[in-house]
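The values are calculated or read from the model by the stated rules, or taken from the named source; none is laboratory data. Computed from a predicted model, the values in this text were never measured in an experiment. Don't worry about glycine lacking a Cβ; one is built from the backbone with ideal geometry, like all the others, and counts go over all protein chains shown. Calculation scope for accessible area: heavy atoms of the full protein, side chains included, ligands and nucleic acids excluded. Shrake-Rupley method; radii C 1.70, N 1.55, O 1.52, S 1.80 Å.
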Amino acid sequence: MSIDEYNGSAIVAMTGKDCVAIATDTRFGVQRTTITTDFERVHKMGPTLYVAMSGLVTDAYTVAARLKYRLNLYELRENRPVNPKVFVSMVSNLLYERRFGPYFSTPVVAGLDPTSGKPFIAGFDCIGDPTIGTDFVTDGTSGEQLMGMCEAFWRPDLNKDELFEAISQSLLNAQDRDSYAGWGAQVYIIEKDKVTKKILKARKD
Amino acid sequence: NAEYMGGHTRLSEGYSILSRDVERIQSIGKNCVIGQAGFHGDNQFLYKVLQTRAKIFEFDHGQALDCHSTASLLSNLLYSRRFFPILSYCLVAGVEQDSQGQWKGRVYGYDVVGSFESRPCEATGEAGTLMLPLLDNQVEFKNLGPNAERVPLTRERAVGLIQDVLQAATERDIMTGDFGQIVLIDKDGVQQRRIPLRRD
């Protein structure tokens, strides 16, 4: 049993035309036991910047809280919302500080550049190596399943409805093939002027 | 009334490619094929044993093995090595006649010790986890809303789906690529097609 598989998760972020989407499952479990089925993995970091954490939940909480702390200080000093590229550096730095005793949690960032509105997604490993994605980023115990699904469903310049369908179908079918993820799904569609959160019904097993 | 199986033709060891042209799907009898993932040495050995047993069956009984019998035989062969397994992740696919004489397609998936199950679709191997959820969605129509169109699986669509699935796996799995071998099985026998895949 790997520490990455202790809690289980399914996380995916996808880019569209002037929009991004980030979606997660909502199972919180301890190995085979499911504790809650409405667990929020996505955290808001800015008006159009969201981060979802996979992996060990205790570390996910800690990293999210520490990140928000650093982000708040940044926004107080700079008096503007953070740029996603800068945020990625912030995440990377936070995780690499623990290079030889890492947080067992990997974030996925999804957002729009506050000035240009360009879509932005990124994934990391647990010690902070960033991968800025051009199409999609997947993470969690269902990561491989999500890769296959996203590869088939994603295409460039999806509008927000097509993006929603693509990311939802990718997530639902991938998490159904992973016993550690599932029990519901949350999808955030992030556009320049609004963010829509949709809660999907999924297989409850 | 038909079955389709796809596989790739790259043989790799670690980060090296040993061959770009290894056929992983082979025939057993007229209407049945076996596709094998896992350890290549054991795959070859297992196929030889299975072929020989199929021949013996034909000599003993005067008729060829049909699909579910091949599936059963494979299960027993794998279980006979329960405590030193044959590291072969098999898929058996074929068409067989049911009690009304209708030809039905079947796919059987296995683990290394012979546990098997007939399913509408199955995927195995290193990139199996990448392909399987897509097949669930497109073949079994899982997670589609009530108003979503459920496109029936015709020959063209099935072959197209296998191509898509192999391409998706090739993109994201380093061990998959070079060529895709697609096999179509119906009551008249087995046809093979080959598609190019990314060679990186």
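Name the residue, out of B:143, B:137, B:147, that is within 14 Å of another protein chain (Cβ to nearest Cβ) and open to solvent by 60 Å² or more (accessible area, probe 1.4 Å). Talk me through it step by step, then tell me what you get.
Values: B:143 fails: open to solvent by 60 Å² or more (accessible area, probe 1.4 Å); B:137 fails: open to solvent by 60 Å² or more (accessible area, probe 1.4 Å).
Residue meeting the stated conditions: B:147.
Going residue by residue through segment B:25-41, is there one that turns out to be open to solvent by less than 90 Å² (accessible area, probe 1.4 Å), without any contact (Cβ under 8 Å) to a residue 40 or more places away in the chain, assigned to a helix (DSSP H, G or I) and not basic (Lys, Arg)?
Kept after step one, since they are open to solvent by less than 90 Å² (accessible area, probe 1.4 Å), are these residues of segment B:25-41: B:25-29, B:31-38, B:40-41.
Checking the rest, the ones that are also without any contact (Cβ under 8 Å) to a residue 40 or more places away in the chain come to B:26, B:40-41.
Checking the rest, the ones that are also assigned to a helix (DSSP H, G or I) come to B:40-41.
Checking the rest, the ones that are also not basic (Lys, Arg) come to B:40-41.
Yes, that holds for at least one residue.
Conditions first: (1) open to solvent by 40 Å² or more (accessible area, probe 1.4 Å); (2) more than 10 Å from chain A (Cβ to nearest Cβ); (3) under 24 Å from residue B:45 (Cα atoms); (4) under 17 Å from the mean Cα position of the chain (by Cα). Residue B:126 passes all but one, so which condition is the exception?
(2)
Return yes or no: is residue A:93 touching a residue at least 24 places away in the same chain (Cβ under 8 Å) and either buried (at least 24 other Cβ atoms within 10 Å of the Cβ) or part of a strand (DSSP E or B) (or both)? Break it down into steps so the answer makes sense when it comes.
Details: touching a residue at least 24 places away in the same chain (Cβ under 8 Å): yes; either buried (at least 24 other Cβ atoms within 10 Å of the Cβ) or part of a strand (DSSP E or B) (or both): no.
It is false that residue A:93 is touching a residue at least 24 places away in the same chain (Cβ under 8 Å) and either buried (at least 24 other Cβ atoms within 10 Å of the Cβ) or part of a strand (DSSP E or B) (or both).
State yes or no: is residue B:119 open to solvent by 30 Å² or more (accessible area, probe 1.4 Å), away from every other protein chain (no Cβ under 14 Å) and under 12 Å from the mean Cα position of the chain (by Cα)?
On the way: open to solvent by 30 Å² or more (accessible area, probe 1.4 Å): yes; away from every other protein chain (no Cβ under 14 Å): no; under 12 Å from the mean Cα position of the chain (by Cα): yes.
Answer is no for this residue.
Between B:114, B:94, B:109, which is small (Gly, Ala, Ser), touching a Cys at 6+ places or on another chain (Cβ under 7 Å) and open to solvent by less than 30 Å² (accessible area, probe 1.4 Å)? Can you show your working first?
Values: B:114 fails: touching a Cys at 6+ places or on another chain (Cβ under 7 Å); B:109 fails: touching a Cys at 6+ places or on another chain (Cβ under 7 Å).
Result of the check over B:114, B:94, B:109: B:94.
When you look at residue A:169, is it farther than 23 Å from residue A:93 by Cα, open to solvent by less than 40 Å² (accessible area, probe 1.4 Å), at pLDDT 95 or above and more than 14 Å from chain B (Cβ to nearest Cβ), yes or no? Show your work before the answer.
Values: farther than 23 Å from residue A:93 by Cα: yes; open to solvent by less than 40 Å² (accessible area, probe 1.4 Å): yes; at pLDDT 95 or above: yes; more than 14 Å from chain B (Cβ to nearest Cβ): no.
Against the criterion (farther than 23 Å from residue A:93 by Cα, open to solvent by less than 40 Å² (accessible area, probe 1.4 Å), at pLDDT 95 or above and more than 14 Å from chain B (Cβ to nearest Cβ)), residue A:169 does not qualify.
Do you know which residues across segment A:114-126 are touching a helix residue (DSSP H, G or I) at 6+ places or on another chain (Cβ under 7 Å) and modelled with pLDDT of 95 or more?
Within segment A:114-126, A:120, A:122, A:124 qualify.
Identify the residue in segment B:150-169 that is more than 9 Å from every other protein chain (Cβ to nearest Cβ) and open to solvent by less than 30 Å² (accessible area, probe 1.4 Å) and, among all such residues, is nearest to residue B:11 (Cα to Cα). It would help to see each step written out before you state the result.
We begin by selecting, within segment B:150-169, every residue more than 9 Å from every other protein chain (Cβ to nearest Cβ); these are B:150-163, B:166.
Subset that is open to solvent by less than 30 Å² (accessible area, probe 1.4 Å): B:158-162, B:166.
Numbers: B:158: 25, B:159: 23, B:160: 24, B:161: 23, B:162: 20, B:166: 15 Å.
For segment B:150-169, the residue satisfying everything is B:166.
Within segment A:195-205, track down each residue that is at pLDDT 95 or above and either open to solvent by 100 Å² or more (accessible area, probe 1.4 Å) or of a type in the set (Val, Ile, Thr) (or both).
Result: A:195, A:196, A:199.
Can you find, within segment A:136-162, the residue that is farthest from residue A:19 (Cα to Cα) among those that are surrounded by fewer than 23 Cβ atoms within 10 Å (Cβ to Cβ) and in contact with a Gly (Cβ under 8 Å, 6 or more places away or on another chain)?
A:162
Quick check, is residue B:77 open to solvent by less than 50 Å² (accessible area, probe 1.4 Å) and aliphatic (A, V, I, L, M)?
Working: open to solvent by less than 50 Å² (accessible area, probe 1.4 Å): yes; aliphatic (A, V, I, L, M): yes.
The answer is yes for residue B:77.
Out of curiosity, is residue B:60 under 19 Å from the mean Cα position of the chain (by Cα) and open to solvent by 10 Å² or more (accessible area, probe 1.4 Å)? First the steps, then the outcome.
Numbers: under 19 Å from the mean Cα position of the chain (by Cα): no; open to solvent by 10 Å² or more (accessible area, probe 1.4 Å): yes.
Considered against the rule, which asks whether it is under 19 Å from the mean Cα position of the chain (by Cα) and open to solvent by 10 Å² or more (accessible area, probe 1.4 Å), residue B:60 comes out as no.
What are the pairs with Cβ atoms under 7 angstrom where one residue, in segment A:8-29, is among the aromatic types (Phe, Trp, Tyr) and the other, located anywhere, is surrounded by fewer than 24 Cβ atoms within 10 Å (Cβ to Cβ)? Sequence gap at least six, or different chains.
A:28/A:35; A:28/A:36; A:28/A:39; A:28/A:57
Take segment A:133-145 and flag every residue that is under 23 Å from residue A:8 (Cα atoms) and more than 8 Å from every other protein chain (Cβ to nearest Cβ). Can you show your working first?
Step one: of segment A:133-145, the residues under 23 Å from residue A:8 (Cα atoms) are A:133, A:136-145.
The answer is A:133, A:136, A:137, A:138, A:139, A:140, A:141, A:142, A:143.
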